[in-house]
Every structure is written in structure tokens, then in C-alpha cells.
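First the structure, in the form of C-alpha cells, and then the observations on it.
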Amino acid sequence: MLRATLKSLLARKLRLILSTLAVVLSVMFVSGSLVLTDTLGRTFDNVFSNIYSYTDVQVSAKSETADAASGNSSAILPVPASDVARIEKIDGVRKATGSVFVSGARVIGKNGKVVISQSGQFGGSWTGEDELTKLISGRAPSAPDEIVINNGLAKQAKFAVGDPVDIIARAEARKTYKVVGIMQYAGNRDSMAGETTVLFTEATAQQVMLGETDVFNVIDVKGKDGVTDNQLRDNIKAALGPKYTVQTGDELSKASSEAIRGLLKYFNYFFLGFGTIALLVGVFLILNTFSIIVSQRTQELALLRAMGASRWQIIRSVLIEALLIGTVGSLFGFLVGMGLGAAGASAFTSLAKMDSAGLGLPVAAIVTSFTIGILVTMISAVLPAIKAARVAPIAAMRDAATTDKPLTGITIGGGVVTAVGVGSLSWGLAGAGDATLLLVFGGVLLTLIGVALLAPLISRPLVAGLGSVFSWSVPGKLGRRNSSRNPRRTAITAGAVMVGIAIITMISTIFSSLSTAIGESVEKDLQADLIVYGQQTSDVPPIIQPDELKQIKALPQLQTVASVTYDVVSLNGKQDFVLAYDDVPAVITVLKLHPVAGRIDHIDSGEFTVDEKTAKERKYTVGSTIQVTFAKGQTKTLTLVGITNSTSNGNGVVVSNTDAQAGFTFPQPIQALVKAKDGVAVDDAKAAVEGVLKNNPEVSVQTKKELVGSSQQQFDVALVIVQVLLFIALGISVLGVINTLLLSVIERTRELGMLRAIGLRRRQTWSMVTIESVVITLFGTVLGLVVGAGLGAATVTALKSVIGFGAVTLPWGYMIAYIIGAVIVGAVAGLIPAIRAVRLNVLNAIAYE
């Protein structure tokens, strides 16, 4: 039986290749994502290990609003310079060095734009050459306007010693400095992780990066010989008390690396999600392949039964085929995924100018890839294997063509699965706490499976309707009838197409609705003609300088100018965002706010206002109090004095500008809302504001229309990325169409021979097979569009009050493109089967058994 199984498998090489390719494409997403995150994780481990390899212990002020390892700007608090001498007196301390090193030094390149670095834009104090840093040209800074930069920045922006450089510091407006030195890190590295670094004199760094003198943000401590880092840490902790964070170099490295790994896991979730979709599509293909194989091998299997093979041997024969295909497909899928993961990691580290940790072979990737690939293939083959075992030995003595079974059972099953899926999705969208995501994803998955099970019931009428478009010719009529001949097979083949199209349509519907909602909310709730803001790419927001805001307010073309700033605080013990306005009446005008309770025309120190929706969720009423710990450490009790209407802009807790100036990390304006005077053209007002901001490369001026366009463009980019990845899953479904038609051509060999014998020409045979392929693909596409639009509309409707969706907006442009694409894909998928059908020898085909 084993030899017979292997010979049968090898005798059908094309079928073997197509089935294996489905497993490869299904597995490669999974292995690729695990290899990518493993490589990047180890890379960041190395980076942070190198950064802190020369650190014994580091001391910083403890933030109440964020963890220091998170990198949040609100976590940076100053440490008095007097603490350096205090720490040096602690038992076990050999030397303590205060330094400034924080993000927020934005360098202006020679093109007038900010030099972008996704790894951080740091500014600090030059503390001299040490084990980590060394000068490679120039000298140390000695004057307030002199700086040293890292070689990575010098190469990226083409700066050299002696060049003037404009810098927007964390606590200072744009100012020109002179490069007097260029430095590298240990190991001749131009940067640690692709960051840009600017080092000032100590006094200058304190002023421009921390906003005050005689303070540091970290104190590096070296221990005496014989004192371990842990002992040194414990001694310092005991002496300083709970207001300080004291960590060893190993702890700092681990905490920083874990923060990055926490972000990397979302890459995993993202790619594994696509892997799941690819696996689901692969299940349809493998299930259909084995079903057709069993159907075509009925006589062969019956003959084996007649020769003495037991039912278990027949089942085992089919499962062995599945095991071999699953194992080989998993192997190649893992290897392809490993290559993709390595390429992705290499591209990332090259872009970030980091040294890659090198490709590894994570055990999780190997185990997961083989487990998923083999299990999916084996499970997909179970039902066909059982069907094969039921073949009666007497079937070998007659024509074994099988008739379709009634669709009652599969229809009932599909209805039940669909109902459970819709129920799970509804429950998840309604909110189910920690189980929300599981219920939503499970609901979508079950709904797709349920619709696929119901597909045979509707395949004949729908396929007949779609095929009627091509029924103007004899090949068209034959192609339409062939595609509706076997509802189960057609439904399974189309089901693979349906899954991919449904997911794409669902996401497109959600993005399209959200994009439309943004445009509608801006037009409805925002009375400003211009919006001044910048794109935040790090923990330091783009800032409008106070003197720039004054100049904008003085422009004769403008009627109203209101600025907004925000920060992270600890609100009643939980991290939260709060807003502050410099001119409350102006904001009331441009945001169309009105009082629902209390007063909202002004907010004094110790007071706050909130929108109606937030007040209801948090059970606030006028007179309610909250305890807020600001980023700079002050804790204050605030009283609610007014509740506003809820709009799409400015919702949440709003504190007084006085409290914001005292407690926010960045109290400067982050956004400005501008209304032009009556009779002044918006373009003229925009030109006037741009003239004021010409020396501020961080912010830009947009009209409402431009704001909507830029916001919608972000959704378009995200949607393109999602579509590209999902098209790979659709590629698997195309294999399914090819496989089904190829096997169908083999199954209908005698029939095709008879058609050719009675006058069907080669071109007509080609057209017949191609039309059959197009009709099946169109059926899956139309089914996917309906299901995807339904799922998307349900999601939008359920989240309308939560996220602020408006009416459901269907992506008609994309949907029409999918239908046109289905015709093209169907024609391409039918190419190989059509060639095989055309090349059949007529006489041999008629005599085919």
C-alpha cells in the first residue's frame, strides 16, 4: 500500500506541485513574521547591551506619569546637580557623573527640513571621551554655540567640522550652532541605532534640553573595585529613597529591549493575521484537491479494496499523501518565510543604520511552521480520506462516476456556523472586555466558513446568472454549464477566492467609512479655515514657538486664532491625555462648543472642563474633582466647572492654560486653529501665516480641505499595504482555480474528446475552459464582495458611537476594480488548464478510461 501510494503521488506531479505550493504560501507568512521579530529582537538586545555595557548604575528621577523605559517624554524629570556630590559619598561609589541626554534636538538640514530619524533625535552634554564615545575629528565644545555631532548625523546631513547648523532644541527655539567636533561610538560605529545626536556644553545642554541650569536627567555611577553592580544599586536606593529610579546597566538594557519587543509583538500579530487568512484559503484548496483526487481515483481505490485493502489502509493511503505534501510544503514554506524575514530585518536595520544580529533559527518558527502546515494539510484530507474508505469493491467493475449528494446537511451546517459567527461578531463589537478581539476575529472567521458552506446552495443560480453574460456562443454556454455542474466543487473553489475578497472588502469598507467620517466631522465641527500643526514622529511634538503665535495673532487678515497643547498626566492614578487652550473663547468659536452644564467660557487654575460623552462615561458632574499629577511632578486636585457638547475635535479633559504652563512637558502650542476675516481669501490668509512660520520647518499650514485630504491619504497608504499582503492569499485561491480546472479537464477527458470529435475547434475549447474559470472566479468575487461589505457595514454600524463613524461608505471604486480583476485573474487561471484541454489527442481522449 505504501509503494502504491508513493507511485500514485509521483505519477501526478503537477497536482503534487500545486498542492505543495498552497502549503508553502500558507506557512511562509507565519515563519517569516517569527523570523523577522526574532532577528529584530536580538538586534535591539545587542544595541541596548552595547549602550549600557559601560554603565554600572544609573540614577534618574522617578516619573509618576510614565515608566522611564517607555521613552515617553513625560518620564523625563530633572535631577539637581547637588545630587552628584551626594551620591559620591554613598558607600561603594567611586565616581558619579551627571549628564544630559534626552530626545528632542531636531537638526535642520541644508535643505531647510528637519533631519528625520525614526530611532530618535537626541541632545545632550559632552562629558568627554570615554569607553563609549571618542572624537574622530575636531575638538570638544567649549562655547555656548559650539556642538559635537555623531558621525551618522554628519554623513546623513553632509555636515563637516566648521559648518553652521540650525537646531530646534527641546526647550529652545531655532538657533544656529557651529560644529566643532564629530564623534563615533565604540566599535567604530557612527550611531548606536540610526539616531542623530547633538552634544552641547554642559550648561548649554541643561538650558536648551531641560529648560533650567544646574540639573541633569541622569547620573552615571561607577562602583569601587570589589563592589557588584547590584550591591551598588541597593546602596544608592537605600540612601536616596523612593523618589529616584536606580538601575544597573543590565536592568537598563533589559528594560529598553523589552519595551521594543513589546512593540515588535504587534508586527507578529499583524503578519500572523495574514498567515491565518492564507491558511484558511489554503484549507479550501487542499480540501478541494483531495476531494477531486479521491473522486478521480474511485476505480483505483475500489480495485485496491477488491484486492484486499482494508478501509483503514485506504484512509491511511490518503493521509500519507497529505502528510508528505504537508511536510514538504512546510519545509519550503519555512525556508521561504525565513528568507523573507531575513530580508525584512536586513531592510529595517539598513534603514535604521543598525548592525544586524544576524539570521537565527528560532525554535518557535520551526515548530509552528511544521505544526501548522502538516496539521492543516492532514485535517483538510480527513473528509476525502473517509470518503475514499467508503468506496465499495464492486465499484471497480463499473463506471465509478459519482453523483452529488443532497445539499441538506451542508446547508444546515452552514446556517448554524454562520449564525454562531454573526452572534460572536455582534457580541464582540458590542464590547466584551478582554474577550472582545477574540470574539470579533472568531466571528469573522466563522462567518466566512459558514458562508462557504452555504455557497453550494446558491452556486447554481448565481453561477448560471453570471455565466449568462458569456452565453452568446456555444463555448460560453458549455463553460457556464460546466461551472455549475458540480456545486460542491465550484463552491469550494470559489470559497477560497471569497475569503480573500471578503477580508479586503471588509477592511476597505471600514477605512472608506472612517475616511468619509473624518471629512464630514471636519466640515461639521471645525469652523477654522486653517490648521497649523506638524507630524509627530517621536516623543517630542512639533512646536509652534510662542513668539510665532503672537505674530500670527497680529496678522490683519485673521479674525480668530486659538492654540492647543496636550500632555500625558496621571489622572486619578491612571495615565491619560489632557488638553489646554491659550484662549478659551476663541476655541469655543472655532470648535462650535456650547455649555451643557456649568460654565465653559474660562478655565482658572485648579479647574477643568470635559465634553458630555466623557462626563457620562466617567460619571462626572459639575463639582466633581480629579487628582492630576503633571509630567513635571506636581500633583493637583482639579474641580469640574463645565461640561461641553461632544464634537469630533477637542474631546476629553481640558485643564487651564496656567496649570499647563506649570506642569506640561511641552507647554508651548502644538496646534493652532485659525479663522480668516470675512472677505479675506483663505489662500491669502494661508500665505500670511506661512510667512510667519517660514523659519519653523516642523509645522505646516493646511486648509480644511487639505487636512481632510492628508488624513484620508494615510488610510489609503495603509489600505494599499493590507491589499498587497492579502493578494498573496488570493494567489493561493488562484492556484485553487487552476488545480480544480486541471483535475476537471483530466476528469472530463473522454467528454472533451467527444466534443472535439463532433466539431468543437481548439479555439472554442480554449474559450470554454477559460469562461468556466472566469465564471468560478467571478462567483467567488461577488460572494466575497457581498460578505465583506456586510461585515464591514456591521463593524462600522456597531462602532459608530465608539469611534465616531458616520454613515457606511462602500468602496465602490475598489469593488468595481475587484470585479474587473476577477475577470483577468480568471482568464489567467484558466490558461494552463485550457492549454492542456486543447492539446488532448482526440482519439486517445475518446478511448480514455
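The values are calculated or read from the model by the stated rules, or taken from the named source; none is laboratory data. Keep in mind that what you see is a predicted model, and the values were worked out from it rather than measured. Glycine also receives a Cβ, built like all others from the backbone with ideal geometry; neighbour counts cover every protein chain displayed.
Results, tabulated for the structure shown:
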{"read-out": "Long-range neighbours under 7 Å by Cβ, at least six apart or interchain, first residue among the hydroxyl-bearing types (S, T, Y) within the range 697-722, second outside any helix (DSSP H, G or I)", "value": "S700/G534; T703/D529; T703/L530; S710/Q702"}
{"read-out": "The range 644-666, residues that are aliphatic (A, V, I, L, M) and touching a Pro at 6+ places or on another chain (Cβ under 7 Å)", "value": "A660"}
{"read-out": "For S82: the one exception among (1) at pLDDT 80 or above; (2) crowded, with 22+ Cβ neighbours inside 10 Å", "value": "(2)"}
{"read-out": "Any hit, the range 244-255, residues being out of contact with any strand residue (DSSP E or B) (no Cβ under 7 Å at 6 or more places or on another chain), surrounded by 22 or more Cβ atoms within 10 Å (Cβ to Cβ), over 30 Å from E321 (Cβ atoms) and not assigned by TED's automatic domain parsing to the domain that holds G123", "value": "yes"}
{"read-out": "Selected residue (criterion: nearest to the chain's Cα centre (by Cα)) from residues of the range 427-468 that are under 22 Å from G479 (Cβ atoms) and polar (S, T, N, Q)", "value": "S459"}
{"read-out": "Positions within the range 124-145 being aliphatic (A, V, I, L, M) and in a loop (DSSP other than H, G, I, E, B), in sequence order", "value": "L132, A140, A143"}
{"read-out": "Filter pass, T418 being part of a helix (DSSP H, G or I), among the polar types (S, T, N, Q) and touching a residue at least 24 places away in the same chain (Cβ under 8 Å)", "value": "yes"}
{"read-out": "Pair list, Cβ under 8 Å, 6 or more apart: the range 34-47 residue without any contact (Cβ under 8 Å) to a residue 40 or more places away in the chain, other residue of a type in the set (K, R) and part of a helix (DSSP H, G or I)", "value": "none"}
{"read-out": "Single residue of R756, R750 found to be surrounded by fewer than 17 Cβ atoms within 10 Å (Cβ to Cβ) and assigned to a helix (DSSP H, G or I)", "value": "R750"}
{"read-out": "Among (1) free of Cβ contacts under 8 Å to residues at least 40 places away in the same chain; (2) within 43 Å of the chain's Cα centre (by Cα); (3) closer than 28 Å to L287 by Cβ, the one test that E751 misses", "value": "(2)"}
{"read-out": "Failed item, numbered, when E617 is tested on (1) at pLDDT below 90; (2) in a loop (DSSP other than H, G, I, E, B)", "value": "(2)"}
{"read-out": "Cross-chain or 6+ apart pairs with Cβ under 6 Å, the range 777-789 first and over 15 Å from L810 (Cβ atoms), then basic (K, R)", "value": "none"}
{"read-out": "Filter result for S700 (surrounded by fewer than 16 Cβ atoms within 10 Å (Cβ to Cβ) and in contact with a strand residue (DSSP E or B) (Cβ under 9 Å, 6 or more places away or on another chain))", "value": "no"}
{"read-out": "Filter result for the condition that a residue is assigned to a loop (DSSP other than H, G, I, E, B), buried (at least 16 other Cβ atoms within 10 Å of the Cβ), of a type in the set (A, V, I, L, M) and out of contact with any Phe, Trp or Tyr (no Cβ under 6 Å at 6 or more places or on another chain), over A160, A154, A193, A205", "value": "A193"}
{"read-out": "Which numbered condition S471 fails, given (1) of a type outside the set (V, I, T); (2) closer than 26 Å to V745 by Cβ; (3) in contact (Cβ under 8 Å) with a residue 60 or more places away in the chain", "value": "(3)"}
{"read-out": "Tabulated pairs, the range 724-736, first in the same structural domain as G826 (by TED's automatic domain parsing) and within 11 Å of V825 (Cβ to Cβ), second among the aromatic types (F, W, Y) and assigned to a helix (DSSP H, G or I), C-beta under 8 angstrom, 6+ apart or interchain", "value": "S733/F284"}
{"read-out": "Unmet requirement for A75, which otherwise passes all of (1) closer than 30 Å to P242 by Cβ; (2) at pLDDT 85 or above; (3) buried (at least 19 other Cβ atoms within 10 Å of the Cβ)", "value": "(2)"}
{"read-out": "Residue match in the range 763-775 (condition: of a type in the set (A, V, I, L, M, F, W, C) and within 30 Å of I510 (Cα to Cα))", "value": "yes"}
{"read-out": "Of residues in the range 570-587 being hydrophobic (A, V, I, L, M, F, W, C) and modelled with pLDDT of 90 or more, the one surrounded by the most Cβ atoms within 10 Å (Cβ to Cβ)", "value": "A580"}
{"read-out": "Index of the failed condition, T327 passing every other in (1) modelled with pLDDT of 80 or more; (2) farther than 12 Å from A389 by Cα; (3) crowded, with 18+ Cβ neighbours inside 10 Å", "value": "(3)"}
{"read-out": "Residue check for L526: crowded, with 21+ Cβ neighbours inside 10 Å, within 24 Å of A685 (Cβ to Cβ) and touching a Lys or Arg at 6+ places or on another chain (Cβ under 8 Å)", "value": "yes"}
{"read-out": "Residue, modelled with the highest pLDDT, within the range 421-434, restricted to residues that are assigned to a helix (DSSP H, G or I) and surrounded by fewer than 16 Cβ atoms within 10 Å (Cβ to Cβ)", "value": "G423"}
{"read-out": "Residue count for the range 88-122, restricted to those that are among the acidic types (D, E) and either assigned to a loop (DSSP other than H, G, I, E, B) or in contact (Cβ under 8 Å) with a residue 60 or more places away in the chain (or both)", "value": "1"}
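Here is a yes/no grid of residues against (1) small (G, A, S); (2) within 28 Å of D355 (Cα to Cα); (3) touching a Leu at 6+ places or on another chain (Cβ under 8 Å):
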residue	(1), (2), (3)
E195	no, yes, no
A205	yes, no, yes
V208	no, no, no
Y244	no, no, no
